[in-house]
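One structure is given here, and the rest of the page talks about it.
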Amino acid sequence: MSQKITLAVISDTIIVNKIYEIRGHKVMLDNDLAELYGVETKRLNEQVKRNPDRFPPDFMIQLNEKEWSILRSQNVISKPGRGGRQYLPNVFTEHGVLMLSSVLNNEIAIQVNIQLVRLFTQLRRIAGENNELKLEIEEIKKKLNNQDKNIELVFGCLDELIEHKEKPKSRKRIGYMPDEL
């Protein structure tokens with residue numbers, strides 16, 4: 001019962017802030033996932049090592065030194081030797097996060113996974129909506145480019161008319177003029 005109360009406290013914002021983009025994938029760090037699941041990072045990685053067939057390269061990526069240093073500097077994560085980790089972390093893609101629930105068999109992991117799946121689905125939907133919006137904007141830009149050319153053409157014609165405009169010639173009046181009587 002207390003586990004479910006703890007789960008309600010984890011906000012979507014906290015989880016979304018733990019999602020990074022690495023090598024073109026949305027991923028989560030092993031230590032962030034371990035914290036959410038209520039297990040030690042060491043235990044999470046042990047379960048992953050015991051089940052290597054469940055974590056192919058598109059489910060789990062081990063960061064290289066450059067990627068890890070970038071993440072450390074962006075997120076003020078402690079450096080090795082100062083209470084931090086001694087090895088390069090694993091990151092899990094959406095599918096890897098789903099697979100973790102099969103190797104971490106506790107109630108918190110299952111409930112957190114459900115929340116994570118919902119968040120990843122929501123992020124994917126938002127990204128899709130943004131792509132549709134980008135396509136619509138590009139289509140409008142193309143239409144405006146054609147309109148710009150037409151507007152420039154109209155202004156060019158008007159400029160020519162203004163330059164070639166002749167002064168009106170004096171005309172002889174036709175009709176009855178009361179002053180001429």
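Every number in this text was worked out from the coordinates using simple rules, so none of it is lab data. Predicted, not measured: the structure shown is a model, and the values here were computed from it. Backbone-built Cβ (ideal geometry, glycine too); neighbour counts: all protein chains shown.
Among the residues of region 92-111, those that are under 18 Å from Lys42 (Cβ atoms) and either touching a residue at least 24 places away in the same chain (Cβ under 8 Å) or part of a strand (DSSP E or B) (or both) comprise Phe92, Gly96, Leu100, Val103, Leu104, Asn106, Ile108, Ala109. Among the residues of region 52-63, the one identified as touching a Leu at 6+ places or on another chain (Cβ under 7 Å) and in a loop (DSSP other than H, G, I, E, B) is Leu63.
For region 7-40, filtering for residues that are part of a helix (DSSP H, G or I) and either among the β-branched types (Val, Ile, Thr) or touching a strand residue (DSSP E or B) at 6+ places or on another chain (Cβ under 6 Å) (or both) leaves 6.
Counting the residues of region 9-68 that are β-branched (Val, Ile, Thr), within 18 Å of Phe120 (Cα to Cα) and free of Cβ contacts under 8 Å to residues at least 12 places away in the same chain gives 2.
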